[in-house]
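**Student:** This is the structure I want to talk about, given as structure tokens.
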Amino acid sequence: MTSDMMIPEATIWELPSDCQASLTIDLPAIVENYQTIRRLANDIEAAAMVKADAYGTGIERVAPALYHHAGCRQFFVANLAEAVKLRRHVPQAVIYVLNGIFPGHETVFRDHDLRPVLNTPEQLAFWRELGGGAPCALHFDTGINRLGFSPEQTERLLNTPEPLNALTIRLVMSHLACADMTDHPLNEKQRHAFHKICEAFPDCPASLANSAGILLGRSYHFDLLRPGLLMFGGNPAIPAPLPEGIRPTCTITGRVLQIRQLEKNMTVGYGATWTAPNSRRIAIVNVGYADGYLQKFNNTGRAFIDGVDVPVVGRVSMDMLALDISDEKLSTVKVGQEVELLGPHITLEKASELSNLSQYEILTGVRERYQRIYIPID
Ligand SMILES: *Cc1c(COP(=O)(O)O)cnc(C)c1O
């Protein structure tokens with residue numbers, strides 16, 4: 001095909017709306033979840049965790065929605081590339097980079113008015129060499145053993161705090177390892193350790209709680225919350241129920257491509273891993289592992305169609321999966337019909353339980369092939 005025969009890109013917008021599976025992102029729900037989270041915590045400040053493209057929901061739509069409609073003024077991303085992208089969408093907001101700063105990054109931080117989370121003595125020294133006057137955060141590791149000053153490094157710093165004098169520290173933070181396990185002794189231990197550290201920074205806001213930490217209660221809230229999962233409608237504290245007012249934000253719907261009738265002992269899909277125990281009606285749906293619907297759902301996923309919860313049968317393929325729609329209430333299901341794979345009925349919690357994937361992995365694993373629909377804020 002020569003280039004002048006090629007179909008112009010613009011005609012993509014004229015494609016029939018039912019030719020792809022869809023991912024619907026409920027912006028009002030994200031905004032309301034954020035507001036609900038703040039209400040749960042006596043309205044103290046909350047920064048939005050929007051790393052990994054806002055947990056897969058689209059940072060360019062979600063961050064401005066939170067800024068303009070929920071009054072969110074602070075955002076955290078993981079790396080510099082995410083921060084630069086975010087800056088275009090929330091020009092006035094405070095943006096923290098969790099990974100911190102590395103040599104060669106300094107002009108980008110300055111040009112985009114970004115704040116590093118300083119995680120090591122090396123990062124702190126580097127920031128000082130740059131002048132240190134621009135705002136930054138300090139991260140102390142109190143038990144997760146991931147990023148942040150180790151207890152030894154923390155002690156050294158607090159005993160000889162001169163290196164801090166030149167800095168403009170706008171936040172001290174730490175991160176909980178086991179906040180989703182309400183009774184885990186590490187929670188209290190980390191809270192105590194962090195409390196001690198905060199005493200050395202009396203005028204500086206402090207932040208400890210991610211979503212699960214927020215649900216641990218007031219003593220974990222300090223001055224700034226850092227919700228991620230809960231804002232996107234996930235439940236960080238299973239088996240506890242979701243707090244009142246938190247609702248799902250993402251819905252994935254596929255469509256039936258073909259329906260087939262199977263006789264007893266016929267099998268479905270690659271590897272023939274599912275065998276019909278008797279005569280069965282099977283719907284082939286246009287969502288597969290290339291969309292992020294992983295093979296962890298083989299023979300165990302569930303879908304919701306016409307008010308009935310139905311099982312995924314056989315292995316998930318790259319572009320499709322099979323559902324057993326033999327239930328007599330589903331005799332009218334036809335080609336083209338929509339099927340919920342994630343949403344109000346097949347919740348993140350449920351999908352996670354079925355697949356052994358974490359709710360975080362399911363959300364951030366959602367791929368680009370879906371037609372994206374944003375429910376606007378009116
Ligand atoms: C990702 C992250 C959060 C948010 O965690 P959720 O469990 O999604 O609320 C908070 N703090 C830090 C440091 C993080 O990396």
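**Student:** So Thr120 fits all but one of (1) surrounded by fewer than 18 Cβ atoms within 10 Å (Cβ to Cβ); (2) of a type in the set (Val, Ile, Thr); (3) free of Cβ contacts under 8 Å to residues at least 24 places away in the same chain; what number is the exception?
**Tutor:** Thr120 satisfies every listed condition except (3).
**Student:** Please go through region 84-111 and pick out each residue that is within 15 Å of the ligand (Cβ to nearest atom) and in a loop (DSSP other than H, G, I, E, B).
**Tutor:** Residues satisfying the conditions are Leu98, Asn99, Gly100.
**Student:** Also: How many of the residues in region 236-291 are closer than 30 Å to Gly213 by Cβ and assigned to a loop (DSSP other than H, G, I, E, B)? Working first, answer last.
**Tutor:** Taking region 236-291 first, the residues closer than 30 Å to Gly213 by Cβ are 236-252.
From the residues that got through so far, the ones that are assigned to a loop (DSSP other than H, G, I, E, B) too are 236-249.
Residues that pass the stated criteria total 14.
**Student:** Further question on the same structure: Please verify whether Gln35 is assigned to a loop (DSSP other than H, G, I, E, B) and either within 23 Å of Ile362 (Cα to Cα) or out of contact with any strand residue (DSSP E or B) (no Cβ under 8 Å at 6 or more places or on another chain) (or both), treating the condition exactly as stated. Even if it seems obvious, please write down each step before you answer.
**Tutor:** Details: assigned to a loop (DSSP other than H, G, I, E, B): no; either within 23 Å of Ile362 (Cα to Cα) or out of contact with any strand residue (DSSP E or B) (no Cβ under 8 Å at 6 or more places or on another chain) (or both): yes.
For Gln35, the condition - assigned to a loop (DSSP other than H, G, I, E, B) and either within 23 Å of Ile362 (Cα to Cα) or out of contact with any strand residue (DSSP E or B) (no Cβ under 8 Å at 6 or more places or on another chain) (or both) - is not met.
**Student:** For Ile144, all conditions in the list (1) farther than 27 Å from Ala93 by Cα; (2) in a helix (DSSP H, G or I); (3) in contact (Cβ under 8 Å) with a residue 12 or more places away in the chain hold save one; what is the number of the exception?
**Tutor:** Of everything listed in (1) farther than 27 Å from Ala93 by Cα; (2) in a helix (DSSP H, G or I); (3) in contact (Cβ under 8 Å) with a residue 12 or more places away in the chain, Ile144 misses just condition (2).
**Student:** Can you tell me how many residues in region 356-378 are outside any strand (DSSP E or B), among the aliphatic types (A, V, I, L, M) and under 19 Å from Arg255 (Cβ atoms)?
**Tutor:** Going through region 356-378 one residue at a time, the tally reaches 1.
**Student:** Grab the helices (runs of 4 or more DSSP H) fully contained in region 149-235, keeping just those with 3 or more residues being within 16 Å of the ligand (Cβ to nearest atom) and in the same structural domain as Gln35 (by TED's automatic domain parsing). Spell out how you get there, then give the answer.
**Tutor:** Details: elements: 151-159, 185-199, 211-215.
Once the helices (runs of 4 or more DSSP H) in region 149-235 are filtered for at least 3 residues that are within 16 Å of the ligand (Cβ to nearest atom) and in the same structural domain as Gln35 (by TED's automatic domain parsing), what remains is 185-199, 211-215.
**Student:** Can you name every residue in region 187-238 that is among the aliphatic types (A, V, I, L, M) and surrounded by fewer than 16 Cβ atoms within 10 Å (Cβ to Cβ)?
**Tutor:** Going through region 187-238, the residues among the aliphatic types (A, V, I, L, M) turn out to be 193, 197, 200, 206, 208-209, 212, 214-216, 224-225, 229-231, 237-238.
Ala200, Ile238, listed by residue number.
**Student:** For the subset of region 61-83 comprising residues that are of a type in the set (Gly, Ala, Ser) and not in a loop (DSSP other than H, G, I, E, B), which member is nearest to Pro135 (Cα to Cα)?
**Tutor:** So, considering only residues that are of a type in the set (Gly, Ala, Ser) and not in a loop (DSSP other than H, G, I, E, B), the one nearest to Pro135 (Cα to Cα) is Ala83.
**Student:** Looking for something of a type in the set (A, V, I, L, M), crowded, with 22+ Cβ neighbours inside 10 Å, within 28 Å of Glu361 (Cβ to Cβ) and away from the ligand (no atom under 16 Å from the Cβ) - is there at least one such residue anywhere in region 267-279? Even if it seems obvious, please write down each step before you answer.
**Tutor:** Of region 267-279, the ones of a type in the set (A, V, I, L, M) are 268, 272, 276.
Restricting the remaining residues to those that are crowded, with 22+ Cβ neighbours inside 10 Å gives 268.
The next check asks that each one be within 28 Å of Glu361 (Cβ to Cβ); those that pass are 268.
Now narrow it down to the ones that are away from the ligand (no atom under 16 Å from the Cβ): 268.
Scanning region 267-279, I find at least one residue that is of a type in the set (A, V, I, L, M), crowded, with 22+ Cβ neighbours inside 10 Å, within 28 Å of Glu361 (Cβ to Cβ) and away from the ligand (no atom under 16 Å from the Cβ), so the answer is yes.
**Student:** Taking the options Leu341, Leu323, name whichever one is assigned to a strand (DSSP E or B) and under 16 Å from Leu262 (Cα atoms). Walk me through it before giving the result.
**Tutor:** Details: Leu341 fails: under 16 Å from Leu262 (Cα atoms).
One residue alone meets the criteria, Leu323.
**Student:** Can you name the residue in region 42-56 that is more than 13 Å from the chain's Cα centre (by Cα) and either buried (at least 20 other Cβ atoms within 10 Å of the Cβ) or in the same structural domain as Arg367 (by TED's automatic domain parsing) (or both) and is also farthest from the ligand (Cβ to nearest atom) among such residues?
**Tutor:** First pass over region 42-56, keeping only residues more than 13 Å from the chain's Cα centre (by Cα): 42-47.
So of that shortlist, the ones also either buried (at least 20 other Cβ atoms within 10 Å of the Cβ) or in the same structural domain as Arg367 (by TED's automatic domain parsing) (or both) come out as 46-47.
Details: Ala46: 10, Ala47: 9 Å.
If we take residues in region 42-56 being more than 13 Å from the chain's Cα centre (by Cα) and either buried (at least 20 other Cβ atoms within 10 Å of the Cβ) or in the same structural domain as Arg367 (by TED's automatic domain parsing) (or both), then Ala46 is farthest from the ligand (Cβ to nearest atom).
**Student:** Take region 112-123 and flag every residue that is under 22 Å from Ala47 (Cα atoms) and either in contact with a helix residue (DSSP H, G or I) (Cβ under 7 Å, 6 or more places away or on another chain) or more than 15 Å from the ligand (Cβ to nearest atom) (or both). Step through it out loud before you land on a result.
**Tutor:** Kept after step one, since they are under 22 Å from Ala47 (Cα atoms), are these residues of region 112-123: 112-119.
Correct list: His112, Asp113, Leu114, Pro116, Leu118.
**Student:** Given the structure, is Pro28 surrounded by fewer than 19 Cβ atoms within 10 Å (Cβ to Cβ) and either assigned to a helix (DSSP H, G or I) or touching a Ser or Thr at 6+ places or on another chain (Cβ under 9 Å) (or both)?
**Tutor:** Numbers: surrounded by fewer than 19 Cβ atoms within 10 Å (Cβ to Cβ): yes; either assigned to a helix (DSSP H, G or I) or touching a Ser or Thr at 6+ places or on another chain (Cβ under 9 Å) (or both): yes.
In short, yes.
The values are calculated or read from the model by the stated rules, or taken from the named source; none is laboratory data. As the structure is a prediction and not an experimental result, all values here were calculated from the model. Here Cβ is always computed from backbone atoms with ideal geometry, including for glycine, and neighbour counts include all displayed protein chains.
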